[in-house]
Amino acid sequence: MAIISWYTAVGLVAQLAFMARMLVQWIMSERARAVVNPALFWWLSLLGALTMSFYGYLREDLAILLGQLVSFYVYVYNLKLKGELKRVGLIISALLVLSPIILLGLELYQGGIAAFRAVFLNQETIPYIWLAIGMLGQFLFTFRFIYQMVISHRQKQSVLPPMFWYFSLMAALLVQIYGIYRLDIVLILGQAGGLVTYARNIMLYHKHQAATATVSAAASAGASATDTATATTTTKDN
């Protein structure tokens, strides 16, 4: 299979959407001096997932295809939590939810399960050990959003917890290794930018935690000093 072909452009469009979501989130986080979670992050994620799953199909890569299809619904759920689905209306929301199912159904309808297995589970195309590495990376990418979705559900709002970024960093490393083996320029370029963003968000989180702890300690010290002064004044009055 050629390293670069016409559908490389499809994958690059998907990676541009993924890179744009991280750039938007990064810039807004830097301005806020804390990790933030804008709605645009999830819309760009949705666009990237649809385009990347199509690229995975054209590339005949099961690790890419399945990873993106599963993540898609986590993105939809976060848009629901942010009230974005109400804003776009019922018809568009329904189309968003059904689109991956329709795409996967068309793929199976055209060739059947046997043809699907011959294309996507072909030991000669991708040895199973490398397919496992690629799928593990995609699984971690998907799992980070499942984890994020559970935390968001508990808090009744869409959030990006710190472990989200640790899972992202591990997944990006695995997918980068898989992309190098597959000579997949789309995966290599896409994960290069992600590694920097994930590491920076981890740094921002710890920096924000340290600043919060300092403020809390100062407030506690101030309160203790006030209590001591009050007690001293009361003693003198007595």
*First measure r as the distance between the Cβ atoms of THR212 and ILE27, then evaluate 1/(1 + (r/R0)^6) with R0 = 30 Å and state the FRET efficiency to the nearest 0.05.*
0.85
*Relative exposure of MET22, MET163, MET149, judged by other C-beta atoms within 10 Å (fewest first)*: MET163, MET149, MET22
*Starting from segment 26-62, pick out the trypsin sites (Lys or Arg not before Pro) whose DSSP state is loop and whose Cβ has at most 16 other Cβ atoms within 10 Å.*
ARG33
*asked:* Given Cα positions, please report Rg to Rh for segment 116-218, the hydrodynamic radius being the Kirkwood one.
replied: 1.13
*Pulled fully out, how much extra length does the chain show between LEU16 and ILE151, if you take 0.36 nm times their separation in residues and subtract their Cα-Cα distance?*
45.9 nm
*To the nearest µm²/s, what D does Stokes-Einstein give for segment 8-225 at 4 °C and 1.567 mPa s, using the Kirkwood radius over alpha carbon pairs as Rh?*
70
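Just so you know, all these numbers are worked out from the coordinates, no wet-lab data involved. This one's a predicted model, so the numbers in the text were calculated from it and none came from an experiment. All Cβ positions, glycine included, derive from the backbone under ideal geometry; neighbour counts span all protein chains shown.
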